[in-house]
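Some notes on the structure that comes next.
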Amino acid sequence: MGVPLDAIKVNHSSVTKLRPQPLDSLLGPLLVGGQMSVVYGPERAPMTALAHVALVGAVRNGRKALYLDSGKNFSPQLLRTLSRDLGEIALLDISIGNVMSLSDLNKAALSAVGFSIVVLDSLTGVLNLSGAPGAKGRQRELFSTLDMLRMMVNQHGSHLLMTDHSTREWSSGAEKPIGGNVLAHAVDSVVRVDSQEGVRDAVRVLVERSASVASPEAVVIRLGKKGAWSLMGR
């Protein structure tokens, strides 16, 4: 059953408080309640690190967060590194779950109550365990699952942040998130993360499309196993 438009509570304030500040200034306006976003790129490590940054940022902002792991991406050590200023007790506001298929993700959406941000790391892992790449059946199931996730964020005023690998279109050579047009039409914001040569752990975070940001923007930060910080220091 759908949710009437006048019953949806629109919250334009960010659900998280990211560090470093340049990252918060860029992505904070995107990570608002009632919306869905995808962060994609060719390397898993920076995206997983960014997922952990979003979790800790939500707790720093006084919210509860849910991390849905489709593999062995979750890092307690990274989480503790990022939350040193908050203390161990703050980590109690972060819940961890495992999703191994689109069916699992559907079930998780139904039970994700009380969380301001839900982080799926990664959508690629879920899709790989749900059918062959490009299969029509998998795309139809993805469409249905994304529709369920949209109902979740609408009903609870939460934000869904998904990480995803990139794939290259054979015709144009352009890179895009795995999931194709089904995913592209379902999310409000698309963010790309690329490693930068010459500087250790340096990544460029680019907002390619957003319902909240008027034009594409980018920042370069350090992002890795030791945490997240600006090029000028933490």
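Note on the stretch 21-43: residues that are farther than 21 Å from S95 by Cα, under 13 Å from the mean Cα position of the chain (by Cα) and open to solvent by 20 Å² or more (accessible area, probe 1.4 Å) total 0. Within the stretch 158-211, the residues that satisfy the criterion of being out of contact with any strand residue (DSSP E or B) (no Cβ under 9 Å at 6 or more places or on another chain) and over 30 Å from M232 (Cβ atoms) are W170, S171, S172, G173, N181, V182, H185. Of the residues making up the stretch 44-70, those that are open to solvent by 30 Å² or more (accessible area, probe 1.4 Å) and touching a residue at least 40 places away in the same chain (Cβ under 8 Å) are R44, A45, R60, N61, R63, K64. The residues listed here are V207, V220, V213; of these, the one that is in a strand (DSSP E or B) and open to solvent by less than 40 Å² (accessible area, probe 1.4 Å) is V207. For V126, the conditions (1) over 24 Å from T167 (Cα atoms); (2) touching a Ser or Thr at 6+ places or on another chain (Cβ under 6 Å); (3) of a type in the set (A, V, I, L, M, F, W, C) all hold with the exception of (1). How many residues, within the stretch 80-100, are over 24 Å from S13 (Cβ atoms) and at pLDDT 95 or above? Residues meeting the conditions: 4.
Restricting the search to the stretch 88-135, which residues are open to solvent by 30 Å² or more (accessible area, probe 1.4 Å), assigned to a loop (DSSP other than H, G, I, E, B) and not aromatic (F, W, Y)? Within the stretch 88-135, M100, V113, G114, L129, G131, A132, P133, G134, A135 qualify.
If G71 satisfies every condition in (1) part of a strand (DSSP E or B); (2) among the small types (G, A, S); (3) at pLDDT below 95 but one, which is the exception? Among (1) part of a strand (DSSP E or B); (2) among the small types (G, A, S); (3) at pLDDT below 95, G71 violates only (1).
The values are calculated or read from the model by the stated rules, or taken from the named source; none is laboratory data. Just so you know, these numbers come straight off a predicted model, no measurement behind them. In this analysis, Cβ positions are derived from the backbone assuming ideal geometry, glycine residues included, and neighbour counts consider all displayed protein chains. Note: areas computed on protein heavy atoms with side chains; ligands, DNA, RNA excluded. Shrake-Rupley method; radii C 1.70, N 1.55, O 1.52, S 1.80 Å.
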